[in-house]
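Beneath this line is the structure, given in structure tokens, with notes to follow.
The values are calculated or read from the model by the stated rules, or taken from the named source; none is laboratory data. Keep in mind that this is a model prediction, so the values were computed, not measured. Because the Cβ atoms are built from the backbone with ideal geometry, glycine has one as well, and the counts that use them run over all protein chains shown. Quick note on the areas: whole protein, heavy atoms, side chains included, nothing else; ligands and nucleic acids left out. Shrake-Rupley method; radii C 1.70, N 1.55, O 1.52, S 1.80 Å.
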Amino acid sequence: MTQFSDAFALHRERLWQIIHFRLNDQVRARVDADDVVQEVYLDAEKRLSHFLSGDFPSFFLWLRLVAQQTLSRVHRRHLATESRSTLRESEASFGSDWGKTSACLSQRFVAHLTSPSQAAVKKELIAEVRNSLETMNEIDREVVALRHFEELTNQEVAIELGISPKAASIRYVRALERLRNVLERM
């Protein structure tokens, strides 16, 4: 194995977690998170010179950036292409905001409801959680997503959001408290 392959392998599981969290459910019906991770590997290998010549805080955060770009391309390919659009195959209302953190969070918080009898309840809960999350500050939603679902460290969250580690920590605790209150009301 090359050094790149070894380094990528160290971060593969975390990248899968990020992609699994951010992958739109409509696209997930067509594309597996493992396939997207493989695309990230190929994209990162092609762009390795950008990392080597750039000023990135860490190899993982650079890989996360490549993963975001790759995932964006995958979503465009499956959601925006009219001839193959998954929007024709399922309700179009969700397709317009696939990249929103509140949409990703709301789906993951109620993902455990899977039986046919729970399908309608799940759809309603997703809408309620999404509406509640929309009332939160965008940075607070992103802090929760980065820490809880993408499993970034507090330091990595601070770098990604351009805030201090202390501010990232405070925002995370406060956002979790607000989220807990929202979920308890439901």
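Across region 138-151, what is the total count of residues that are in contact with a Lys or Arg (Cβ under 8 Å, 6 or more places away or on another chain) and of a type outside the set (Val, Ile, Thr)?
First, the residues of region 138-151 that are in contact with a Lys or Arg (Cβ under 8 Å, 6 or more places away or on another chain): 139-140, 143, 149-151.
Still in the list and also of a type outside the set (Val, Ile, Thr): 140, 149-151.
Going through region 138-151 one residue at a time, the tally reaches 4.
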Please find, within region 105-164, the residue that is most open to solvent (accessible area, probe 1.4 Å) out of those that are among the β-branched types (Val, Ile, Thr), modelled with pLDDT under 85 and part of a helix (DSSP H, G or I). Val121
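Please find, among Leu87, Leu79, Leu179, the residue that is among the hydrophobic types (A, V, I, L, M, F, W, C), part of a helix (DSSP H, G or I) and modelled with pLDDT under 60.
Only one candidate passes the filter, namely Leu87.
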Within region 1-26, restricting to residues that are part of a helix (DSSP H, G or I), modelled with pLDDT under 90 and in contact with a Leu (Cβ under 8 Å, 6 or more places away or on another chain), the one that is surrounded by the most Cβ atoms within 10 Å (Cβ to Cβ) is Arg22
I need a count of the residues in region 40-57 that are surrounded by fewer than 14 Cβ atoms within 10 Å (Cβ to Cβ) and either touching a Pro at 6+ places or on another chain (Cβ under 6 Å) or not in a helix (DSSP H, G or I) (or both). 3
Restricting attention to region 27-54, which residues are under 26 Å from Val144 (Cα atoms), more than 14 Å from the chain's Cα centre (by Cα) and at pLDDT below 90? Ala29
When both residues are 6+ apart or on different chains and their Cβ atoms are under 6 Å apart, which pairs have a first residue that lies in region 150-161 and is touching a residue at least 24 places away in the same chain (Cβ under 8 Å) and closer than 17 Å to Ile19 by Cα, and a second that is among the β-branched types (Val, Ile, Thr) and buried (at least 21 other Cβ atoms within 10 Å of the Cβ)? Glu150/Ile18
Is there a residue being among the charged types (D, E, K, R) and open to solvent by 50 Å² or more (accessible area, probe 1.4 Å) anywhere in region 60-75? yes
